[in-house]
Each structure stands twice: as C-alpha cells, then as structure tokens.
Amino acid sequence: MKRYLILEDGTIFNGLAFGSQRESSGEVVFTTSMTGYQEVMTDPSYCDQIICFTYPLVGNYGINRSDYESIRPATSGIIVNEHAEFPNHHEGMQSLSSWLTAKDIPGLYGIDTRKLTRKIRQHGTLKGRMTNSIENAEEVIKNLNAEERITNQVTKVSTKTPYHLPNSGYRVVVVDFGVKSGMLRELSRRLCDVIVVPHNTSAADIIRLQPDGVLLSNGPGDPKDVHSGITMIQELLKNNIPILGICLGHQLLALATGADTEKLKFGHRGSNHPVKDLETGKIALTSQNHGYAVTEESLKNSELVLTHQAVNDGTVEGLKHKVKPAFSIQYHPEASPGPQDSNPIFDDFLNMIKTTKKEGLMQYA
Ligand SMILES: NC(=O)CC[C@H](N)C(=O)O
C-alpha cells in the first residue's frame, strides 16, 4: 500500500506503508542513532513527533522485552528507508512492522531519508502528515500551516498516580514529565527507594514524602508549557532539596532560576553527540533527544554556572547551581540507547545527596 509524507512547506515524499494504517500528523524530526530503535520509539519525549531514522535499515533485531523505555509509545509515526521483515535475534519477539501495527503507530518506508534529513537540517523541523492518499494534499498543507503549535504534551505522558519502587537506599522522588524507564533502572540499580509522582505534584506534596533527593525527568514539548513544574522547583530549591534535572528537567531547572530556553533549528537526536565537561576538559559521547536548549546568554540572569557544552554547536549541555545542591544535564546519562560514558552522573547525584545530608541543610531534615 502506498503512503505519503506531506510537509507543511508543500513537499511530498512517496513511499510505502507499514505498521498501522492510520493517518497521523506531528513535528518531523530525525535521529542519527544507528541502533536502539525500540528505546527511541518508546521514549515519551517523542510524543506527537514523527521520527525519521537516518540509519538506512531499521528493525533487524526485532522488538524484545527488555528495551522498552515506556510501555505505550507516544510517537506519531516512524519513517525508515528500509525495515527488516524477518528480524533475527535470540531476544526478538516480533518484527518492527507487527509491533507498530499492534501499537497503532503508522510507518512509512521506501523514501529517501537522507533527502528528508537534509531538508530538516536546512529549514528546521517541519510539521508533517503521513497519509494514505494525496488527493487532498492541498488541504492537508493548508491545515498543517494553519495548525496551532502542539502544547502540553507532558500531561499526555506523565503518570496519573504516584507509584513506589521500594528499596533500601536514598529516597528519590522522580517527577515524571515523561520519564524513561532507564532513569528508574539506574536509580534502582543504586538501591534508591524511588517514588514516581505526576508532573503537577506540588513541592509541599513532594516534601511530605521526605525525599533525600528529587530527579526531574525528561519529557516532551516546550519546557515553557510546564508552569506547575517551574514553581515546584523554585520551592524545592528554597528547601535545599538535592535536585538532578535531566533533559526537560534540566530546562525546567534553568527556567525556575531565571534563565531562558529557545527552540533549536532541528535539535539533537542520536547516540553520538559529543559533550565537553568544562571542568575536566574531557569529552563524552552522549545520547540525546531534544529540540529546545537553555540559552547561554540568559545564564547571567540566574544563579547557574555552565558546566557542559555541546562540541558540535556550542549549546548549553550542563548546569550547576552556585549555592543550592542542584545540577542538570541536557543529555541522557541513562543512555538507552547510546554510550554509557555519562552513567556516573547518577553517582554524582547520590554523592551530592550524601554531602547535603551530612551538612544538614535540607529544611525538613
Ligand atoms: N528528552 C527530553 O526531555 C526533551 C526535552 C524537550 N522536550 C526538548 O525537546 O528539548
């Protein structure tokens, strides 16, 4: 069956359908990850986005049990050059195509994904619609141009109720703006007593849980939409609760302390983004998925110090609070998918908790 990608600028890509037959719209973004398609597709930060994989063959090890970052994929659609119909891996349980059908996610294959990627790099991310016919293309283009920006995706992917992953170590409250399970795995691996709470939980309710630290998770959309998160963080900072912000969590920490964010032209998505640690001068290869970034210029209005910077485009990748126990990074230390170079960030967080507890600075402690 034929399938098309119609972009807001009028471009039409002709390809073939796989996965769900449904039509769908979203912001078209590309990822350069060569492996880890299951983690990418189930990362809630891709909510309402159509993901184009630049790697030419996707799906060759199938879909397995262990690579889920969330159980319900939030992506609007998948674009690949070629997908493997007959995957082969000892953990593989089904093909990409049958999984997309089961999860009702439309797929498009057989288009020149390099051409699409070059277009996005030149023009910036574009809105698009995956359709089964081009009869109404003009109307689709008109609608894409008329559509309002998609907002408040965090509310779609965050948990509705709190849940507990009991353990014997530090109590870490994870604010779920669209959390990847990799972050929970890294905390549990370090014996943390994890409580995951909805995105709009108040600081008072979080403090009532007597956390040793708070992790602000990743999540979809524009950080400026997440108003309740920003005020909650300001209260946590007042109470000297140790905070680690990851990706959206990093952007929210910045907004909460007076810095600003902006939308990048086409974002950073992939497993090979070099980041420089400005304290040690070391460069790590990192896993990334973001379309917004904290503006360096705005840091002078905040009490944050720049700690990490992207090697490719110099954008802000890490921040530290001057006086409060809080730091954040724009990339993904849990990887999933991607290199493990930054995994010790979780140990840095636990060390910060240890020091803060020793100093007895937390208000409620
Ligand atoms: N992975 C994330 O947390 C992404 C953060 C934010 N939605 C962005 O696109 O920049």
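Here are the numbers for the structure shown:
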| item | result |
| --- | --- |
| Options G221, G124; residue that is among the small types (G, A, S), crowded, with 16+ Cβ neighbours inside 10 Å and closer than 26 Å to L264 by Cβ | G221 |
| Filtered residues of the stretch 8-45 (kept if open to solvent by 10 Å² or more (accessible area, probe 1.4 Å), in a strand (DSSP E or B) and within 15 Å of the ligand (Cβ to nearest atom)) | E27, F30 |
| Within the stretch 293-314, tally of residues that are part of a loop (DSSP other than H, G, I, E, B) and closer than 16 Å to L252 by Cα | 3 |
| The stretch 234-254: number of residues that are in contact with a strand residue (DSSP E or B) (Cβ under 7 Å, 6 or more places away or on another chain) and either among the small types (G, A, S) or surrounded by fewer than 22 Cβ atoms within 10 Å (Cβ to Cβ) (or both) | 4 |
| Helices (runs of 4 or more DSSP H) wholly inside the stretch 202-292 containing at least 2 residues that are under 19 Å from the mean Cα position of the chain (by Cα) | 227-238, 248-256 |
| Condition broken by K354, with the remaining ones in (1) more than 16 Å from the ligand (Cβ to nearest atom); (2) open to solvent by less than 30 Å² (accessible area, probe 1.4 Å) satisfied | (2) |
| Count - residues of the stretch 174-194 that are farther than 18 Å from Q251 by Cα, open to solvent by less than 20 Å² (accessible area, probe 1.4 Å) and outside any helix (DSSP H, G or I) | 3 |
| Among the residues listed as V275, V316, V294, the single one being touching a Phe, Trp or Tyr at 6+ places or on another chain (Cβ under 9 Å) and either open to solvent by less than 60 Å² (accessible area, probe 1.4 Å) or within 23 Å of P44 (Cβ to Cβ) (or both) | V275 |
| Filtered residues of the stretch 230-258 (kept if in contact (Cβ under 8 Å) with a residue 60 or more places away in the chain and within 16 Å of the ligand (Cβ to nearest atom)) | I243, L244, G245, I246, C247, L248, G249, H250, Q251, L252, L253, A254 |
| Among the candidates S287, S336, S328, residue that is buried (at least 18 other Cβ atoms within 10 Å of the Cβ), modelled with pLDDT under 95 and within 18 Å of L216 (Cα to Cα) | S336 |
| Count of residues meeting criterion [out of contact with any helix residue (DSSP H, G or I) (no Cβ under 9 Å at 6 or more places or on another chain) and in contact (Cβ under 8 Å) with a residue 24 or more places away in the chain] in the stretch 116-132 | 10 |
| Matching residues in the stretch 53-83 - criterion: being hydrophobic (A, V, I, L, M, F, W, C), in contact (Cβ under 8 Å) with a residue 40 or more places away in the chain, under 17 Å from P220 (Cα atoms) and more than 15 Å from the ligand (Cβ to nearest atom) | I78 |
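The values are calculated or read from the model by the stated rules, or taken from the named source; none is laboratory data. Here the structure is a predicted model, which is why all the values come from computation and not from measurement. Please note: Cβ atoms are built from the backbone with ideal geometry, for glycine as well, and neighbour counts cover all protein chains shown. Remember, those area values only see protein heavy atoms, side chains included, never the ligands or the DNA or RNA. Shrake-Rupley method; radii C 1.70, N 1.55, O 1.52, S 1.80 Å.
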